[in-house]
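Here's the structure we're looking at; comments come further down.
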Amino acid sequence: MIANFGYDLPRLGTNGFSGALLSGWSISGIVIVQSGTPMSLTDRKGGSVYGFAGPATITLCPGETYKDLVTSGTTRSRLHNWINRAAVCSGPAIGSDGSLGYGNTGQSIINGPGQFNTDFSFGKTTTVGGLRENAQLAFRAEFYNALNHPQFSNPGTNFGTANFGVITQTSVAPRLIQFGLKYLF
C-alpha cells in the first residue's frame with residue numbers, strides 16, 4: 001500500500017508580517033506499507049548429478065512443511081535466523097559419486113521482511129520582490145525515512161552458505177534530511 005498526500009495549508013486571513021509568516025506553507029508525504037517479497041530458497045549443491053544445469057531448490061526434511069521454514073518472532077529477533085535451518089536437509093544423493101538431485105520445494109515459498117517507510121516534506125513560499133516585483137523565495141525541508149525505521153533486505157537464500165537465513169543489510173538508508181532554498185523570478 002502506498003499513500004501519497006500533499007496539501008497547501010489554509011490561509012488564516014491575517015495581513016502584514018504575521019500574514020506573510022503564516023501563509024504560503026505546504027506539506028506532502030508518502031507512506032509505504034508492504035508485505036515482504038517472495039523468496040526462492042536454493043541449494044548450491046543440489047542438481048550436481050546433472051552437472052549444475054541450473055539452481056536447485058532446497059529439500060525439506062521429512063515431516064516438515066513450508067510453514068516450518070519460517071521462524072517466529074519479530075523482524076529484529078529473526079535477523080540471524082529468518083529461515084529455520086532445521087527444516088532443510090541436503091538433497092537426495094542419487095549419483096554413484098554422491099552427487100545430489102534437485103530439491104522438493106517450489107519457487108517463492110516464503111516472504112522476506114515487510115517494509116514500512118514514511119517520507120514527508122514541508123515548505124514555504126513567500127513573495128519577496130527583488131529582481132522582479134513578484135519574485136518569490138521558496139524554502140523546502142524533506143525527510144526521507146522520517147521515522148528512522150530500519151527496513152531490512154531479504155536474508156541469504158542459498159543453502160550451504162554462511163549467510164543462509166541471515167539478514168546482513170538494510171534496504172533503505174537511515175533518516176536523511178535535506179533543505180532547499182530557491183529564488184524564483
Inset, instruction - Check cross-link reach from residue 45 to the lysines: straight Cα distance under 27 Å, and skip same-chain residues fewer than eight apart. - result: 67
Legend entry - Helix-only [θ]222 nm of the chain, DSSP H runs n ≥ 4, -39500 (n - 2.57) each, per residue, nearest 500: -1500 deg cm²/dmol
Legend entry - Cα lying deepest toward the dipole's positive end in the stretch 119-185, options 126, 143, 164, charges on Cβ: 126
Legend entry - About the Cα centre, charge dipole magnitude for the chain (Lys/Arg +1, Asp/Glu -1 at Cβ), debye: 400
Legend entry - Accessible surface of the chain, 1.4 Å probe, proportion on carbon and sulfur as whole %: 57
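Using the per-residue mean of other Cβ atoms lying within 10 Å as a proxy for protection, in what order, highest first, do the peptides 144-156, 123-135 fall?
Most protected by this proxy first, the peptides run 144-156, 123-135.
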Inset, instruction - For the stretch 31-154, report the translational diffusion coefficient in µm²/s to the nearest whole number, using Stokes-Einstein at 37 °C, 0.692 mPa s, and a Kirkwood Rh over Cα pairs. - result: 176
Legend entry - the chain: most fluctuating residue of 94, 83, 58 per GNM, C-alpha cutoff 10 Å: 94
Inset, instruction - Could you work out the relative contact order of the chain, using alpha carbon pairs under 8 angstrom and six or more residues apart, expressed as a whole percent? - result: 23
Inset, instruction - Pick out, from 50, 72, 38, the residue whose Cα sits farthest towards the positive end of the charge dipole of the stretch 28-124, with +1 on the Cβ of Lys and Arg and -1 on the Cβ of Asp and Glu. - result: 72
Legend entry - Distance in nm between pseudo-label sites at residue 183 and residue 76 (7 Å out along the Cβ direction from Cα): 4.7
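The values are calculated or read from the model by the stated rules, or taken from the named source; none is laboratory data. Fair warning: this is a prediction, and the values are worked out from it, not measured in the lab. Counting neighbours? That spans all protein chains shown, and the Cβs are built from the backbone with ideal geometry, glycine included. SASA here: full protein model, heavy atoms, side chains in, ligands and nucleic acids out. Shrake-Rupley method; radii C 1.70, N 1.55, O 1.52, S 1.80 Å.
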